[in-house]
C-alpha cells in the first residue's frame, strides 16, 4: 500500500467520488489539508465564501438542485461552530453534504490548547455537531480515514438523506500511513426500497372505495425524482395534488390538478381539498405544524375520519403526527412506479370516478381566484406583495431556480408561486433559517451554471448575510438577489399585531434619532462590492430591473420596496401555544 498523508487521502477520495467542489474557509486547523487540495485543484475546486454558515448553505442548495453531495471545510473552533445553522437546516429538510471540520492535534487532547472543547471530553466538538447531523465521525489516525470516509458518504445518501460530519485532528491531515482509498460508496447505487405486493393491493383497494382522494407530496418525492411518475398517476386518474414547499415543481404547478400548499398560508383549494377528502396518499412528507394547521381537525385535515396512506423512506416519520391507515416504507419513485403498474390492471379505478370531486375543486379554485387575483394588477407605491409575486411569475423564465429566505415574503410565495420544474424552488422549511436563501443561491448557481438563479430574500435576512456579494463577484456568479424591503422583521411584526392587540416592539427598522424608517441603500451596497444594484419603488420600474439583471448576467441586487401593511390571507391556522389559534381569513374549517 502507498504511504499517504491524511490530507492527500481525503483529497483523492473526493476525486474518486466525483465531488466537484469544497466550500470552505481556511484556518490554522485545516491548513494541513489545503496543500492536498491544491494538488487536485483541476478536479476539485475550493470555493471560499466569507462565512462558514454560507459555505454550508451553498453545499445544501447544491445538493437540492443537483442531487449530488459536495463537501465543506472549516477550521477548529469558531469556524466549525458557524456550521451548526447550515447543518441543522440541511438535516431538517433531508438535504446533505459532508462537513469536514478540524480539531486540535491528538497529542494536545485534554490539555486545553487553542480552541479545544474539553469540559466534558477531550476534543469534544463532535458533541456540538451530534444534534444537527445524521452521523458524526472522528478518525484520530490516518489509517482510520478510509473507513470513516466511506461510511460517511454511504450514510449521507442511503435512505433519508442527511448531512454528516467528519471531525479530524490537525495532525491527521499531515501524518502518513500505509493506506488505500476506500471502495466506492453507494453514491451511484443507493438502495431504493419498494412496497410489498400486499401493500400496493391495499392502496389500490382504498382508492377503489374512495370518492375524494388527494395526493400530498413533499421533499421526499423531490429527492426521489418522482415527478414524472406522480404527474402520470395524477393525470391518468384525475387526482388532485397538494404540495409542501419543498415538493413544489414535482408536478407542473400550472396544472389544474395542482392545488399548491396547505396550512395557514396555503392556497384555499388545498385546504378545502384536505378538509373534505376521504383518502390522502402522502408521499415524503412529515405533517409538520405549518402544513397541518397545527394538527387541529377541520382546518387542513380530518384524520382519522379521512383515511391515510403514509409513504416514506424513513420509518420514523410514519405515524409521527397522524396514525396512518396504512404505513409504507418505500422510495417515492419506486412506489409510484409500482402504483402505476398496479392501477393499469384495475377496472374499478378510473378518472371518471372522481369527476364530481374535480368539479368541486374547480369551484374552490374560482372562489379563490375571484378573491385574490384583482390585487395582482394593483399599481401602488410601495408595491403590493401580490403584484411582486405575480410579476416575477410572468417575467422569470421557466428554467429559473428560485431560492427563498425565511420571512413574510416566503409566505406569499408559498401561497401563490407556481414552480414549473422540480428542484427549482429552494426553501429552508423545517428549520427556517435566515440566510439560507441569500447564501444557498450561490450553490444553486454552481450546480446549474447555465440557468438563471434568483433569490427572493427579506431585508432582515439580507442584512444578516451581505457578504454573499463578495463571493458572487469573486467567482463571477451571475446571481440576482431581490430584496423584499418592508423595513421590518415583517413576519414577526405581523404575529405581534395579530396576537397582541396591535402592539409592536423590536420588529420595525427605524432610525433612532429621526424615527424615520431605516435600511441601508442595498443597491449602493451592491455597487460598492462590484455588483450591479437597482432600487424599485414603483411598479413600472420592476420589469425593466428584472430584464436588465437577467440580460447582464452579473451579480445584481434589486431593492424592491414592498407594502408592509398588506398581509397574506390565511386559509388555515397556525397556533403558538398557549395563545389561541386564529381563524382563517378566507374559508371556514370543516370537521368531518
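Given the condition more than 30 Å from residue 270 (Cβ to Cβ) and in contact with a helix residue (DSSP H, G or I) (Cβ under 6 Å, 6 or more places away or on another chain), answer yes or no: does some residue in region 511-522 qualify?
Yes, the conditions are met somewhere in region 511-522.
Looking at this structure, is residue 342 at positive phi, surrounded by 15 or more Cβ atoms within 10 Å (Cβ to Cβ) and in contact (Cβ under 8 Å) with a residue 24 or more places away in the chain?
Taking the combined requirement at face value, the residue does not satisfy it.
Scan region 378-390 residue by residue and report those that are buried (at least 19 other Cβ atoms within 10 Å of the Cβ), touching a residue at least 40 places away in the same chain (Cβ under 8 Å) and in contact with a helix residue (DSSP H, G or I) (Cβ under 8 Å, 6 or more places away or on another chain).
Passing the criteria: 383, 384, 385, 386, 387, 388.
Taking the residues in region 136-157 that are closer than 18 Å to residue 63 by Cα and free of Cβ contacts under 8 Å to residues at least 40 places away in the same chain as candidates, determine which candidate is surrounded by the most Cβ atoms within 10 Å (Cβ to Cβ).
If we take residues in region 136-157 being closer than 18 Å to residue 63 by Cα and free of Cβ contacts under 8 Å to residues at least 40 places away in the same chain, then 155 is surrounded by the most Cβ atoms within 10 Å (Cβ to Cβ).
Matching residues to (1) surrounded by 24 or more Cβ atoms within 10 Å (Cβ to Cβ); (2) touching a helix residue (DSSP H, G or I) at 6+ places or on another chain (Cβ under 9 Å); (3) modelled with pLDDT of 95 or more:
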site	(1), (2), (3)
259	yes, yes, yes
264	yes, yes, no
269	yes, yes, yes
281	yes, yes, yes
293	yes, yes, yes
296	no, no, yes
300	yes, yes, yes
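Farther than 22 Å from residue 143 by Cα, over 21 Å from the mean Cα position of the chain (by Cα) and not assigned by TED's automatic domain parsing to the domain that holds residue 404, is that true of residue 54?
Spelling it out, it is not the case that residue 54 is farther than 22 Å from residue 143 by Cα, over 21 Å from the mean Cα position of the chain (by Cα) and not assigned by TED's automatic domain parsing to the domain that holds residue 404.
If I ask for residues that are in a loop (DSSP other than H, G, I, E, B) and out of contact with any strand residue (DSSP E or B) (no Cβ under 8 Å at 6 or more places or on another chain), which ones from region 258-277 would you list?
263, 264, 265, listed by residue number.
For region 21-98, list the helices (runs of 4 or more DSSP H) that sit wholly inside it and hold at least 2 residues that are within 23 Å of residue 432 (Cα to Cα) and in contact (Cβ under 8 Å) with a residue 60 or more places away in the chain; which are they?
By residue number, 52-66, 84-92.
Just one of 101, 140, 155 is part of a loop (DSSP other than H, G, I, E, B), touching a strand residue (DSSP E or B) at 6+ places or on another chain (Cβ under 8 Å) and not assigned by TED's automatic domain parsing to the domain that holds residue 444; which is it?
Just a single option satisfies the conditions, and that option is 140.
Pick out the one residue from 502, 544 that is modelled with pLDDT of 95 or more and more than 27 Å from the chain's Cα centre (by Cα).
Just one listed residue meets the conditions, 544.
Can you find a residue in region 223-242 that is in contact with a strand residue (DSSP E or B) (Cβ under 8 Å, 6 or more places away or on another chain) and either assigned to a strand (DSSP E or B) or not assigned by TED's automatic domain parsing to the domain that holds residue 340 (or both)?
Yes, because at least one residue in region 223-242 is in contact with a strand residue (DSSP E or B) (Cβ under 8 Å, 6 or more places away or on another chain) and either assigned to a strand (DSSP E or B) or not assigned by TED's automatic domain parsing to the domain that holds residue 340 (or both).
Residue 403 fails exactly one of the following numbered conditions: (1) surrounded by fewer than 24 Cβ atoms within 10 Å (Cβ to Cβ); (2) modelled with pLDDT of 95 or more. What is the number of that condition?
It fails just one condition, (1).
Can you give me the number of residues within region 26-50 that are under 28 Å from the mean Cα position of the chain (by Cα) and either modelled with pLDDT under 95 or surrounded by fewer than 20 Cβ atoms within 10 Å (Cβ to Cβ) (or both)?
Qualifying residue count, region 26-50: 6.
Among the residues of region 170-201, count how many are surrounded by fewer than 16 Cβ atoms within 10 Å (Cβ to Cβ) and either closer than 30 Å to residue 107 by Cα or out of contact with any helix residue (DSSP H, G or I) (no Cβ under 6 Å at 6 or more places or on another chain) (or both).
13
Filter region 104-129 down to the residues that are outside any loop (DSSP other than H, G, I, E, B) and without any contact (Cβ under 8 Å) to a residue 40 or more places away in the chain, then identify the one that is surrounded by the fewest Cβ atoms within 10 Å (Cβ to Cβ).
Here the residue is 127.
Go through (1) at pLDDT 95 or above; (2) under 25 Å from residue 433 (Cα atoms); (3) under 25 Å from the mean Cα position of the chain (by Cα) one by one and return the number of the condition residue 450 breaks.
Checking residue 450 against (1) at pLDDT 95 or above; (2) under 25 Å from residue 433 (Cα atoms); (3) under 25 Å from the mean Cα position of the chain (by Cα), the one that fails is (2).
Looking at the structure I just gave you, is residue 178 more than 26 Å from residue 26 (Cα to Cα) and touching a strand residue (DSSP E or B) at 6+ places or on another chain (Cβ under 7 Å)?
yes
On the given criteria, is residue 160 within 25 Å of residue 135 (Cα to Cα) and surrounded by 17 or more Cβ atoms within 10 Å (Cβ to Cβ)?
yes
The values are calculated or read from the model by the stated rules, or taken from the named source; none is laboratory data. All figures in this text were calculated on a predicted structure; none of them were measured in a lab. Note that each Cβ is placed from the backbone with ideal geometry, even for glycine, and that neighbours are counted across all protein chains shown.
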